[in-house]
1. Sort 385, 321 by Cβ crowding within 10 Å, fewest neighbours at the top.
2. Fewest to most neighbouring Cβ within 10 Å: what's the order for 169, 358, 282?
3. For the pair residue 284/residue 378, report the inter-label distance in nm, with labels modelled 7 Å from Cα in the Cβ direction.
4. Where Lys and Arg each count +1 and Asp and Glu each count -1, what net charge lies around residue 4 among other residues with Cβ under 11 Å from its Cβ?
5. List the residues of region 137-152 whose backbone N lies under 12 Å from a point placed 7 Å from the Cα of residue 124 along the Cα-to-Cβ direction.
6. Based on other C-beta atoms within 10 Å, arrange 376, 111, 73 from fewest to most.
7. Would you mind getting me the FRET efficiency between residue 93 and residue 11? Use the beta-carbon distance for r and R0 = 30 Å, nearest 0.05.
Amino acid sequence: MEGSVTSRKLKNGKVVYDIAIDLPRKADGSRNQLRKRGFKTKKEAQLFIADTIMKVTNGHNFSGDKILLKNYLEKWLKNEESSLSPSTQKRYREFCVHISNHLGQVPIGKLTGLQIKEFYQDLENPQEYSNFRKGLSRSTILKIHRMLHKALTDAVRDGTIDRTIISNIKYGRVEKTQTEVWDNLTCYLFLEKIKDELLYLPVLIAFETGLRQSEITGLKWDDINIEKGLLTVKRNYSYDDSKKSLSDKKTKTKSSIRTIILFDNTIKHLKNQRQKQRLNKILLGESYIDSGYVCTNSIGNPIDPHYISKRFAKAIKKHNFKKIRFHDLRHSHATLLLKENIHPKIVSERLGHSSISITLDTYTHVSTDIERAALLSVNKKIIEFIEEKESI
């Protein structure tokens, strides 16, 4: 691999330098040459050749100078889809639309930090190119930023671009908002209001186990040992865009596969649910669908996750309860455990977090209250000890 420099005189009499570098041959064996014109000095041209040869030696193939960001993301997402949950696939596709609308025609190898910064600014204050009216939240833009960073990191690994592009990708921190939760009284008063609804069991399981919505709808009787009071999370049941239907899928991460201990109240209601299903099977006969799922309608079909979230919101409004999302029942469960001084590691494993740091970071407000209470207790003991010592 070598390069050459040639001089050229412009009409105004100035001399500029052009370079040609013979890169490794293409897959079909044809010649692969990189040319660049207009260097002001011979030394500048020679330095460019040396830098280019070093990049090629380190695996850079300069294909990124020709591949549009839009096309690379399309190919990248297709390769990633098998490792993503249906909801993440859908979210990433939406993110790619935003990126492609603004930066899609830019060659991935020529992407600049300024272009990316302007893109993030436009997402906060959408321009004419956008397919949405309101600006996106900083939290959503941060998620887009993380996806783009991951895609470009993979582009470095496969030699499409060099690392300098990734170093240009930055986005500011997002201020965390405190999660809204329900306490024991609120939740059980709400459950009393919906005791005759299909929504009842999913709400109870969410609050008493901390399972995600799709994990609740994906729960099967084979996953539960009623006698030992144990439940194993193995899958989720959600909408799959590729199949255009609801279906089972592996849990979000390896840490999401977990076995948790059930409360007595949870066991009681699971037994009641199993009895209801057996009775419906007797009453409906062949019309009953023995799906094996825990949360089902009267004919045995698993409950649609979208129904749960929509019905939950309507029930809150109808019965005039503090507004939270269904997912916040999971946060309510975690908050309840932490306030009862359950060790954060146990809470982390129960929720299926990949590390205890995620749990502590997510529930900072709770852990701070617990820390303050513990320190006040220690402080009181210290004062009592000093006063006792001084009285002797």
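1. 385, 321
2. Ranking 169, 358, 282 by Cβ neighbours within 10 Å, fewest first, gives 282, 358, 169.
3. Result for the modelled spin labels: 5.7 nm.
4. Local net charge: -2.
5. 137-139, 141-142, by backbone N distance to the label point.
6. 376, 111, 73
7. It comes out at approximately 0.05.
The numbers here are math on the coordinates, done by the rules we state, and not lab data. Note that the structure is a prediction, hence the values are computed from the model and not measured. Counting neighbours? That spans all protein chains shown, and the Cβs are built from the backbone with ideal geometry, glycine included.
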